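Take a look at the structure below.
The values are calculated or read from the model by the stated rules, or taken from the named source; none is laboratory data. Since this is a predicted model, take the numbers as computed values, not measurements. Reconstructed Cβ throughout: ideal geometry from the backbone, glycine too, with neighbour counts over all protein chains shown.
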Amino acid sequence: MSLPDTSPWWRSAVIYQVYIRSFADGDGDGVGDIAGIRSRLPYLKSLGVDAIWINPWYKSPMADHGYDVADFRAIDGLFGTVAEAEELIAEAHRHGIRVVPDLVPNHTSDQHIWFQQALAAGPGSPERERYVFRAGRGPGGSLPPNNWVSEFGGPAWTRLPDGDWYLHLFAPEQPDLNWQHPDVHAEFKDILRFWFARGVDGFRIDVAHGLVKHPELPDAPARLDPVDGEPHRHVDHPHWDRDEVHDIYRAWRKVADEFEGDRCFVAEAWADTPERLAAYVRADALHTAFNFDYLKASWDPDDLRGVIDASLAMLGAVGAPATWVLSNHDVTRHPSRYGRSSAEGWSGGARYTPCGPLDLALGTRRARAAALLTLALPGGAYIYQGEELGLPEVEDLPEDVLQDPIWERSGHTDAGRDGCRVPIPWSGRQPPYGFSPDDATGSPWLPQPADWSGFTVEAQTGEPGSMLELYRDALRLRRAHPALGDGTLTWLDAPPGVLAFRREPGFVCVVNLSATPYALPEHASVLLASASVEGGVLATDAAVWLDV
Ligand code: NOJ
């Protein structure tokens, strides 16, 4: 099969996120790889996704599991080779699936040749200008150049034995590039061309809001300075979401447009308001952006409707499609978020910390309803691997297996993101649940729970009422139904706590977030429901798609 010629595909695409380490292990070393992805393309095809986004697969010492790139033109040996990547791209295309790798332009690995050259060349050298090196403050320069903090905890600066400090908004092994340097611009345009020439259909852009720093590197305002009563931290911030960053993306759009076909950039941009986010996806810049406001919304009708309306309005104003996302490799899986009574977990900003007791059955019911809501909204959607299996967060990983740098950098106060990165269960009754081949030499890089046999693809396939079959049905209907994907919605009158909207032609989605069952409006037939709608009644925490 060849790629569908609906253009542009990214306005309505369902993109499946492959966290490569944890998706499928082809060579039996306990870590997912390209061979594993290739072996599971038929699964992705049958699931019905349009594209895959693959987390970084480049050569890397893996201090942040690939987000520390040592060579952007090489694939890490753990995952495969450039030739295998090319074969994967071609094979995915034959299945009608597009391929969107991850690009990490804010920082490199400390093992990247440029950083190694900068270290060797010493203070004041031109090699250091490609990164952000500075003298320290205070007596003998012993204090960091400013008060910036690393997203992973601790200061954003590390001092070298020669006295210079260098900036890293993430781990010390991830020095920030200096986007005021022409070499950096030229290099990334070249990297884009390298991969576009190999057939990739776009890029997910890591930390898209962080590349440009205030040239004077002033102190940052307090992390949670409230604006209009909300904890805003990016407003006129010296290193987040600066206006100048958009010039970079305008130049990249031109590079993408040099290549035939439809390519898509998706921004990982954490912006304070939908207006600020929309700036990334203006017509001459990036194509789409993740909707983290939607991901962070609690299971609350007003919260969700507010985010949906604001997103559609602001993105619509710049002509960009909305996208919707519930989970990814950085946040607690949503059945485990929705299974808790409060949204307090987000109070620290972008990091969610589970608090309060978990009711997983409740979280799962809501996750089923959320899937139907998400896939019925106008625009594109993201599915994080394992979400279609209803996987919960693994909250009891033993401390000695934790690998996320956040665990160490937070002084063991934050377990980090490993709980949502546990390898996928495919089949069988015990670990590695088909994640690795039978003759594997290594165990999965994070241990899988002993009670995951009910979550496997094998156990859920053909099982009416399973999360997997719900996703399969939803994606099949979404492909076939002319009302779904790109477009608009009209809200329908409904009692408090019920979200109901119509899409043309003839489609209605109803989600019941109220405490009482809801009698469905008149309809020709039920297309799909997250729970039984016997007697024409929609239960609390359920959603339905209607043909009207
Ligand atoms: C965002 C990525 O999603 C996350 O996993 C990574 O640690 C940081 N960017 C740093 O690259």
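Residues to consider are Leu391, Leu446; find the one that is touching a residue at least 12 places away in the same chain (Cβ under 8 Å), under 16 Å from Tyr19 (Cα atoms), hydrophobic (A, V, I, L, M, F, W, C) and within 16 Å of the ligand (Cβ to nearest atom).
Matching residue, one of Leu391, Leu446: Leu446.
If Val100 passes every condition in (1) within 16 Å of the ligand (Cβ to nearest atom); (2) farther than 30 Å from Ser12 by Cβ; (3) not in a loop (DSSP other than H, G, I, E, B) but one, which one does it miss?
(2)
Within the range 106-136, how many residues are closer than 13 Å to Asp164 by Cβ and either within 16 Å of the ligand (Cβ to nearest atom) or outside any helix (DSSP H, G or I) (or both)?
11
Of the residues Asp272, Asp330, only one is in contact (Cβ under 8 Å) with a residue 12 or more places away in the chain, closer than 23 Å to Asp247 by Cβ and not in a helix (DSSP H, G or I); which?
Asp272
When you go through Gly386, Gly379 one by one, which is the residue that is touching an Asp or Glu at 6+ places or on another chain (Cβ under 7 Å) and buried (at least 19 other Cβ atoms within 10 Å of the Cβ)?
Gly379
How many residues does the range 259-284 contain that are of a type outside the set (Lys, Arg) and touching a Phe, Trp or Tyr at 6+ places or on another chain (Cβ under 8 Å)?
11
Taking the range 397-412, which residues are without any contact (Cβ under 8 Å) to a residue 24 or more places away in the chain, away from the ligand (no atom under 16 Å from the Cβ) and assigned to a loop (DSSP other than H, G, I, E, B)?
Across the range 397-412, the qualifying residue is only His412.
How about the range 154-173: which of its residues are away from the ligand (no atom under 13 Å from the Cβ) and either among the acidic types (Asp, Glu) or touching a helix residue (DSSP H, G or I) at 6+ places or on another chain (Cβ under 9 Å) (or both)?
Hits for the range 154-173 are Gly154, Arg159, Leu160, Asp162, Gly163, Asp164, Trp165, Tyr166.
Within the bounds of the range 377-384, is there any residue that is assigned by TED's automatic domain parsing to the domain that holds Val331, more than 22 Å from Gly465 (Cβ to Cβ) and within 16 Å of the ligand (Cβ to nearest atom)?
For the range 377-384, residues assigned by TED's automatic domain parsing to the domain that holds Val331, more than 22 Å from Gly465 (Cβ to Cβ) and within 16 Å of the ligand (Cβ to nearest atom): present.
If you check Leu538, Leu492, which single one turns out to be buried (at least 18 other Cβ atoms within 10 Å of the Cβ) and more than 28 Å from the chain's Cα centre (by Cα)?
Exactly one of Leu538, Leu492 is buried (at least 18 other Cβ atoms within 10 Å of the Cβ) and more than 28 Å from the chain's Cα centre (by Cα), namely Leu538.
Only residues that are of a type in the set (D, E, K, R), closer than 24 Å to Asp404 by Cα and either without any contact (Cβ under 8 Å) to a residue 40 or more places away in the chain or touching a His at 6+ places or on another chain (Cβ under 6 Å) (or both): list them for the range 159-208, please.
Arg159, Asp176
Could you tell me whether any residue of the range 288-303 is of a type in the set (Asp, Glu) and over 25 Å from Trp491 (Cα atoms)?
no
Would you mind telling me which numbered condition in (1) within 22 Å of the chain's Cα centre (by Cα); (2) modelled with pLDDT under 95; (3) within 16 Å of the ligand (Cβ to nearest atom) His232 fails?
(3)
Considering only residues of the range 179-220 that are touching an Asp or Glu at 6+ places or on another chain (Cβ under 8 Å) and surrounded by fewer than 19 Cβ atoms within 10 Å (Cβ to Cβ), which is farthest from Ala90 (Cα to Cα)?
Restricting to residues being touching an Asp or Glu at 6+ places or on another chain (Cβ under 8 Å) and surrounded by fewer than 19 Cβ atoms within 10 Å (Cβ to Cβ), the top hit is His181.
Filter the strands (runs of 3 or more DSSP E) completely within the range 438-548 down to those with at least 2 residues that are acidic (Asp, Glu) and modelled with pLDDT of 95 or more.
none
Considering every residue within the range 329-336, establish whether at least one is over 18 Å from Phe455 (Cβ atoms), among the hydrophobic types (A, V, I, L, M, F, W, C) and either more than 16 Å from the ligand (Cβ to nearest atom) or assigned by TED's automatic domain parsing to the domain that holds Pro392 (or both).
yes
Quick one: which residue in Glu127, Glu151 is modelled with pLDDT under 95 and farther than 17 Å from Val18 by Cβ?
Every option except Glu151 fails the conditions.
Anything in the range 262-298 that is among the small types (Gly, Ala, Ser) and either at pLDDT 95 or above or more than 16 Å from the ligand (Cβ to nearest atom) (or both)? List them, or say none.
The answer is Ala267, Ala269, Ala278, Ala279, Ala283, Ala285, Ala289, Ala297, Ser298.
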